[in-house]
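The values are calculated or read from the model by the stated rules, or taken from the named source; none is laboratory data. Quick caveat, the model's predicted, so the values are computed rather than measured. Neighbour counts run over all protein chains shown; Cβ positions are idealised from the backbone, glycine included. SASA here: full protein model, heavy atoms, side chains in, ligands and nucleic acids out. Shrake-Rupley method; radii C 1.70, N 1.55, O 1.52, S 1.80 Å.
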Amino acid sequence: MSARGVLLRAQDLDAAFAAGWDDLVAARGTLADCFDTHVWAGAVLATHPETAERARIAAVVDEATGRPQSLLALQDHGDGRYTTFAPDRPRSRVVSEQADLTPLAEQLARSGVRDLRLRRLPSRDAATHRLLGALRRTGYDVHARERSHDMLAGVEDGWDGHRARFKSFHTHCGRVERKIGKHGDVVFDAYLEAGDIDTGFAVYADLFPRSWKGPLTDRIRAERLDFVRRAAARGWARLYVLRVGDRPAATYLWFRVGSVALWHSTAYDEELAPLGVGNLAMWRAHQHILTEDPADPPALVDLLPTTTVQKNRLAPERPPLLDVEAVRERPFASAVLPVRALARTARAAAVGRLRARARGRATAPTSPGGTTA
């Protein structure tokens, strides 16, 4: 099979490439991630023109079909400096079906990538380590350091096994539902199809102003709606709304891609929060997504790399994420890579502490590709 390396701009991404990109991600089983898809990237590109202008997709494509075999989504900052595309997303990866990523690394070198910074690559993904090896073989000096961690729970025996594994949380949610039931009927709705996803999204977006997060910005609302619509067209979107009586109380946005059930974001009515509507909606979402297809239930629940009390109970598997810096033809930069990495880690820790202090006043993210925890 003949293949060639390319570096594509946003306007170069035709329908065959986009479909191949999404198929490549969906075929990755428990390594599938909605933040790796063209479905997600397309929504970011469509609603953030400045991000689209700098977007570059390094890929190895099949000569006959034009579909990608490997790809890495990047942003061009000029003078040979490239970073992860939409770096505020929770995670990034190289997406590949190839055992050898040297052709992709060689394409980066041919394209003039001399300073490469990749954010939060999963250490559990073998493609991460294949990419680091390929970069080194292509002449890059590479430094990787742990930065945060995934929040995961493997699924065995579907919902029955998951419910048994987290028995205390299941029992807790049973008590919560009985308590909430004293205030009105508890109704849990799932919006899945392209035809009704807009209805669910309107409820989802309207809950944000009534939550501690505040309203979605116009741009983030447009990006997220576009993302949800694209995902629903592929059968990936799961938008859940918990109502108490007729009142929307909590909403959760999930995606099912490959063998992964991935939580994206939530909001719930602050007045009803003391009743435990957030925990109940989260557990109902687990139940739905793990039972909707008994013949092919998800093998992994992915709660994304942020830490909350709820996630600490439901995500016991926490493999590290890696920040990677790779430089080529820059001797001084190569020499100071470890020091530069340490400085970035210290700065990120300081920013994290400031954000934690302000969490109670935080609004929804304004940068492209983010989630709302």
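In the range 213-233, the residues that are within 12 Å of His48 (Cβ to Cβ) form Cβ pairs under 9 Å with partners that are surrounded by fewer than 17 Cβ atoms within 10 Å (Cβ to Cβ), at six or more places apart or across chains, as follows: Thr217/Thr363; Thr217/Thr366; Arg219/Thr366; Ile220/Thr366; Ile220/Ser367; Ala222/Ala46; Glu223/Ala46; Asp226/Ala46. Among the residues making up the range 147-158, those that are charged (D, E, K, R) and more than 10 Å from Pro319 (Cα to Cα) are Arg147, Glu156, Asp157. Sub-8 Å Cβ pairs linking a first residue in the range 91-118 that is touching a residue at least 12 places away in the same chain (Cβ under 8 Å) to a second residue that is in a loop (DSSP other than H, G, I, E, B) and among the small types (Gly, Ala, Ser), at least 6 apart or interchain, are Glu97/Ala27; Ala109/Gly139; Gly112/Gly80; Val113/Gly80; Arg114/Gly80; Asp115/Gly80; Leu118/Ser92, ordered by first then second residue.
Of all residues in the range 161-183, those satisfying the criterion of being closer than 26 Å to Asp33 by Cβ and either in contact with a His (Cβ under 8 Å, 6 or more places away or on another chain) or not hydrophobic (A, V, I, L, M, F, W, C) (or both) are Gly161, His162, Arg163, Arg165. Applying the selection to the range 16-57, what residues are over 30 Å from Gly154 (Cα atoms), modelled with pLDDT of 95 or more and not charged (D, E, K, R)? Hits for the range 16-57 are Phe17, Leu45, Ala46, Thr47, His48, Pro49, Thr51, Ala52, Ala55, Ile57.
For the range 212-228, taking the residues that are over 13 Å from the mean Cα position of the chain (by Cα) and charged (D, E, K, R), the one that is most open to solvent (accessible area, probe 1.4 Å) is identified as Asp218.
This table checks each residue for (1) of a type in the set (Lys, Arg); (2) touching a residue at least 60 places away in the same chain (Cβ under 8 Å); (3) farther than 23 Å from Thr291 by Cβ.
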| residue | (1), (2), (3) |
| --- | --- |
| Leu135 | no, yes, yes |
| Glu146 | no, yes, yes |
| His149 | no, yes, yes |
| Asp157 | no, no, no |
| Lys167 | yes, no, no |
| Cys173 | no, yes, no |
| Lys179 | yes, yes, yes |
| Ile197 | no, no, no |
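Report, by residue number, each residue of the range 15-55 that is open to solvent by 30 Å² or more (accessible area, probe 1.4 Å), more than 14 Å from the chain's Cα centre (by Cα) and under 16 Å from Val95 (Cα atoms). Selection gives Ala19, Asp23, Ala27, Arg28.
Where strands (runs of 3 or more DSSP E) fall entirely within the range 82-178, those with at least 1 residues that are open to solvent by less than 50 Å² (accessible area, probe 1.4 Å), on the phi > 0 side of the Ramachandran plot and modelled with pLDDT of 95 or more are at 115-122. Annotation note: Cβ proximity below 7 Å between a residue of the range 1-29 that is assigned to a loop (DSSP other than H, G, I, E, B) and a residue that is open to solvent by less than 30 Å² (accessible area, probe 1.4 Å) and β-branched (Val, Ile, Thr) (sequence gap 6+ or interchain) occurs for Leu13/Ile57.
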